[in-house]
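Novice: Take a look at this one; I'll ask things after.
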Amino acid sequence: MLDEADHIEWCNPLAEQHFGLDCTRDIGQQITYMARQPEFVQYLSMRNFGEPLILRGARQDGLTLSIKLVPYSVNKKLLISRDNTRFERIETMRRDFVANVSHELRTPLTVVNGFVETLHDMPSLENDMARRALELMGEQTQRMERLVNDLLTLSKLDNALNALQEEKVDMVALVRALYQEGLSLSGNRHRLRLELESDCAVLGSTEELRSAFGNLVSNAIRYTPQDGEIVLRWQEQGGQPVFSVRDSGIGIAPQHIPRLTERFYRVDRSRSRETGGTGLGLAIVKHVANRHQARLEITSEEGKGSIFSIAFPAKRRLPLPEETQT
Ligand code: ADP
């Protein structure tokens, strides 16, 4: 318990451990005098207590605390700290495990896939059943390869040590390239349109944005029946650069929309599989958007079509809005 000037009024034994306090000695001391980590001092002074503060390396080595301030009475505060160390360690283990398994599977899969292809293409292979079996094996190993690649992409995006590599992304060139890829993916089965309404660039990672936008384009093609329309658009809305893909495809019922970015969540499993889906595409899109502080919006109507858009914060626009005006 802290008073209005952040002096300690009372603390329990766990708080003593977390902050290295001694109840009998430190009552009346300013908490920031006892716990001096700059992030903690800043958290207290900001007086914005909606979000907890995650404090790593507090006191003892490797201790992770989740700290929350709850104001009560007049100007008093309850400082609540929770030991998150075990939880963080388990999270790290989970992430490492997925990354390692995917990595380990990659090489054997490449080898098996290579042999399956070679055998299938051998001119001496006359047995129709063997040829058919090899064809099916090839499809499945390729599916596994796509899964492993998507899992590896996700674990890279998930890794806290892997900071966003920022550069100037030429969005016009990127969207044009995606349009060309879309044309070849669709193979003339859809009407594809490109609407470039802005020529601004963004500050971000070209590689990540290509992967995220590419997933949206490929989804639009895979979930839109023949002769449907697909529009790729790059525009600005209220100072925010927005990339969107609109399709006239099968659409999505409202109850599914909030869950689409969960890993392996699919509305229709067999359609996703048949069209080469991994169930991880939108999870990747969501991660990339978050890393760019961008918002992924999904509007859709069953039987009519969907719009997936990614709106970037104005601060990522290049040149910055004020530079264009002058
Ligand atoms: P998948 O590889 O299964 O397509 P995604 O994560 O990319 O995985 O998408 C999750 C699910 O969202 C899909 O299985 C599909 O049901 C739905 N979905 C995604 N994009 C569209 C779209 N453009 N139109 C209709 N449904 C879509």
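Novice: Being among the small types (G, A, S) and outside the structural domain of Q42 (by TED's automatic domain parsing): is that true of G114 here?
Specialist: yes
Novice: Right, next: How many of the residues in the range 304-316 are touching a Gly at 6+ places or on another chain (Cβ under 6 Å) and within 11 Å of the ligand (Cβ to nearest atom)?
Specialist: So the count comes out to 3.
Novice: Would you point out the residue of the range 276-285, among those that are farther than 18 Å from A163 by Cβ and more than 7 Å from the ligand (Cβ to nearest atom), that is most open to solvent (accessible area, probe 1.4 Å)?
Specialist: G276
Novice: Still on this model: Tell me which residues, restricted to the range 258-274, are over 22 Å from L157 (Cβ atoms) and either more than 8 Å from the ligand (Cβ to nearest atom) or of a type outside the set (A, V, I, L, M) (or both).
Specialist: Correct list: D268, R269, S270, R271, R273, E274.
Novice: Additional query: Being at pLDDT 95 or above, within 10 Å of the ligand (Cβ to nearest atom), more than 25 Å from F312 (Cβ to Cβ) and within 17 Å of the chain's Cα centre (by Cα) is the requirement here; does G251 meet it?
Specialist: Taking the combined requirement at face value, the residue does not satisfy it.
Novice: Residues I54, I67: which one is out of contact with any helix residue (DSSP H, G or I) (no Cβ under 8 Å at 6 or more places or on another chain), in contact (Cβ under 8 Å) with a residue 24 or more places away in the chain and in a strand (DSSP E or B)?
Specialist: Only one candidate passes the filter, namely I54.
Yes or no, residue by residue, for (1) surrounded by 10 or more Cβ atoms within 10 Å (Cβ to Cβ); (2) aliphatic (A, V, I, L, M); (3) part of a strand (DSSP E or B):
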| position | (1), (2), (3) |
| --- | --- |
| A5 | no, yes, no |
| W10 | yes, no, no |
| E16 | yes, no, no |
| R36 | no, no, no |
| S45 | yes, no, no |
| N48 | no, no, no |
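Novice: So in the range 217-227, with the set limited to residues that are open to solvent by 10 Å² or more (accessible area, probe 1.4 Å) and either under 19 Å from R317 (Cβ atoms) or assigned to a loop (DSSP other than H, G, I, E, B) (or both), which one is nearest to the ligand (Cβ to nearest atom)?
Specialist: Y223
Novice: Something else: Among the residues of the range 265-274, what is the count of those that are more than 21 Å from E301 (Cα to Cα) and either open to solvent by less than 60 Å² (accessible area, probe 1.4 Å) or modelled with pLDDT of 95 or more (or both)?
Specialist: 0
Novice: Report, by residue number, each residue of the range 152-168 that is closer than 24 Å to K315 by Cα and either of a type in the set (A, V, I, L, M) or free of Cβ contacts under 8 Å to residues at least 24 places away in the same chain (or both).
Specialist: Residues satisfying the conditions are L157, A160, L161, N162, A163, L164.
Novice: Which pairs have Cβ atoms under 8 Å, sit 6 or more apart or on different chains, and link a residue in the range 137-148 that is farther than 13 Å from V112 by Cα to one that is of a type in the set (K, R) and in a helix (DSSP H, G or I)?
Specialist: The qualifying pairs are V148/R106.
Novice: From the set of residues in the range 286-303 that are within 15 Å of the ligand (Cβ to nearest atom) and small (G, A, S), which is farthest from the chain's Cα centre (by Cα)?
Specialist: G303
The values are calculated or read from the model by the stated rules, or taken from the named source; none is laboratory data. On a predicted model such as this, the values are computed, not experimentally measured, just so you know. Methodologically, a virtual Cβ is constructed for each residue, glycine included, from the backbone with ideal geometry; neighbour enumeration extends over all protein chains shown. Heads up: the accessible areas ignore ligands, DNA and RNA and are worked out on the full protein's heavy atoms, side chains in. Shrake-Rupley method; radii C 1.70, N 1.55, O 1.52, S 1.80 Å.
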